[in-house]
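Here the structure is laid out as structure tokens; the discussion comes afterwards.
The values are calculated or read from the model by the stated rules, or taken from the named source; none is laboratory data. Remember, it's a predicted structure, so these values are computed and weren't measured experimentally. Ideal geometry is used to build each Cβ from the backbone, glycine not excepted, and the neighbour counts take in all protein chains shown.
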Amino acid sequence: MVDRDATAPVLSVVAPCFNEAEGVSAFLVRMTAAAETATGGNFEIVLVDDGSTDGTWPIMAAAAAHDPRIIAIRLRRNFGHQMAVLAGLRAARGARVLLIDADLQDPPELIGPMMCQMNGGADVVYGRRVERVGETAFKRGSAALFYRLLRQLSSVDIPVDAGDFRLMTRRVVDLLLALPEQHRFTRGLVSWLGGRQEPIDYVREARFAGETKYPLAKMLRFALDALTSFSIKPLRLASWLGFAAAGLALMLMGYSAVQWARGHVVDGWTSLFIAVTTFSAVQLVVLGIIGEYLGRLVIESKHRPHYIVDAVISARIDDGPAPL
Ligand code: UDP
Ligand code: MG
């Protein structure tokens, strides 16, 4: 067991923020009230500013300077949602840690029921979205498809319809932080750790303010990261694609041989064109799949830090912020 600071709070709330200036104050009001009720006041809120450009930081910094229960961490640039989550988890000292989005799509008030459920012995209580309000049909559809595909492809039991909104025990957080990988698909890594993980149903609200920070391109990258770090089945699929192409090639050869024996020659240009384009396409797809994995291997092999911290503001009276 890790030797914990005796002053460690019962609950740490970790919230990544990227350009959330319009919503972060409202989030703090609701989150503080909910955590107050759930813990009797023994909590901390770790806000991580993921390189915002819209004034999120001054708001966060002011809140942290006035309230010793709030810690504000600023990353030097936008390192991405998952890195901001990691920075927050590293700074959190609580016996339990709640991961929550700062846009009020995940209701802070659910912390009470989540704490109760964890008292029953769960290691992780994760929010399961029974309904998603204010999200486009495309986002809902693509998310549903993605989580089901990921489940099919990976051997890890990653829950469908769950984001990073979850309450974790200190032990789970410590285990999670011990995983060294660069690409961090937090919800998958937590599932990978195993233990008792229980869902709690909630309605995912529309954003309080601002717009999603996950445009299509980012969503695709996120999905590819998740797929490549949790499954190598696409590589196997690439081999099968190769075998299927070889089978097709054999059939075509047989066909031309039979035609030749009958005194016909297969017509030239069109058949040649189709064969060349089909087989080049297969090769390119297979190369692309290999490339995805190779690219990630290159990034992993560099062992760069996950993010760089620019500033930490905390009015904690005890031992200052946790080491980052
Ligand atoms: N976020 C972040 N860095 C990013 C993108 C998002 O810290 O590069 C934060 C964002 O401020 C929010 C959470 O991650 O608190 C989830 O992002 P968002 O709400 O945009 O995603 P969605 O709910 O639309 O999937
Ligand atoms: Mg959101």
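Data overview
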{"item": "The stretch 9-61: number of residues that are part of a helix (DSSP H, G or I) and among the polar types (S, T, N, Q)", "result": "5"}
{"item": "Hits in the stretch 78-110 (condition: β-branched (Val, Ile, Thr) and closer than 18 Å to Gly23 by Cβ)", "result": "Val85, Ile100"}
{"item": "The stretch 132-153, subset small (Gly, Ala, Ser) and closer than 20 Å to Pro199 by Cα, residue nearest to ligand 2 (Cβ to nearest atom)", "result": "Ala143"}
{"item": "Which listed residue, of Ala257, Ala246, Ala226, Ala275, is small (Gly, Ala, Ser) and in the same structural domain as Gln152 (by the TED database)", "result": "Ala226"}
{"item": "Residue count, the stretch 110-139 (criterion: at pLDDT 95 or above, assigned to a helix (DSSP H, G or I) and surrounded by 14 or more Cβ atoms within 10 Å (Cβ to Cβ))", "result": "8"}
{"item": "Qualifying residue in the stretch 68-79 (condition: more than 24 Å from the chain's Cα centre (by Cα), more than 10 Å from ligand 1 (Cβ to nearest atom), over 23 Å from Arg166 (Cα atoms) and surrounded by fewer than 21 Cβ atoms within 10 Å (Cβ to Cβ))", "result": "yes"}
{"item": "Gly194 farther than 21 Å from Gly141 by Cβ and out of contact with any strand residue (DSSP E or B) (no Cβ under 7 Å at 6 or more places or on another chain)", "result": "yes"}
{"item": "Restricting the stretch 150-170 to residues that are touching a residue at least 60 places away in the same chain (Cβ under 8 Å) and in a helix (DSSP H, G or I), the residue that is farthest from Ala223 (Cα to Cα)", "result": "Arg170"}
{"item": "Positions within the stretch 202-241 being farther than 14 Å from Glu292 by Cβ, within 16 Å of ligand 2 (Cβ to nearest atom) and part of a helix (DSSP H, G or I), in sequence order", "result": "Leu216, Lys218, Met219"}
{"item": "Test: Ala6 is surrounded by fewer than 21 Cβ atoms within 10 Å (Cβ to Cβ), more than 16 Å from ligand 2 (Cβ to nearest atom), outside any strand (DSSP E or B) and not assigned by the TED database to the domain that holds Met168", "result": "yes"}
{"item": "Every pair of residues 6+ apart whose Cβ atoms lie under 7 Å, when the first sits in the stretch 83-111 and is farther than 17 Å from Glu36 by Cα and within 14 Å of ligand 1 (Cβ to nearest atom) while the second is among the β-branched types (Val, Ile, Thr) and in a helix (DSSP H, G or I)", "result": "Val85/Thr186; Leu89/Val173; Ala102/Val24"}
{"item": "Selection count where residues are over 19 Å from Arg171 (Cβ atoms) and either within 16 Å of ligand 2 (Cβ to nearest atom) or in a loop (DSSP other than H, G, I, E, B) (or both), scope the stretch 182-201", "result": "3"}
{"item": "Residue in the stretch 94-109 that is farthest from Arg204 (Cα to Cα), counting only those that are surrounded by fewer than 21 Cβ atoms within 10 Å (Cβ to Cβ) and away from ligand 2 (no atom under 13 Å from the Cβ)", "result": "Ala95"}
{"item": "Residue check, Ala217 over 24 Å from Gly88 (Cα atoms), out of contact with any strand residue (DSSP E or B) (no Cβ under 8 Å at 6 or more places or on another chain), not assigned by the TED database to the domain that holds Leu297 and not β-branched (Val, Ile, Thr)", "result": "yes"}
{"item": "Every residue from the stretch 32-55 that is within 16 Å of ligand 2 (Cβ to nearest atom), surrounded by fewer than 24 Cβ atoms within 10 Å (Cβ to Cβ) and at pLDDT 95 or above", "result": "Ser52"}
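Each row is one residue, and each column tells you yes or no for (1) within 31 Å of the chain's Cα centre (by Cα); (2) modelled with pLDDT of 90 or more.
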residue: Glu205; (1), (2): yes, no
residue: Ala209; (1), (2): yes, no
residue: Phe243; (1), (2): no, yes
residue: Leu248; (1), (2): no, yes
residue: Leu287; (1), (2): yes, yes
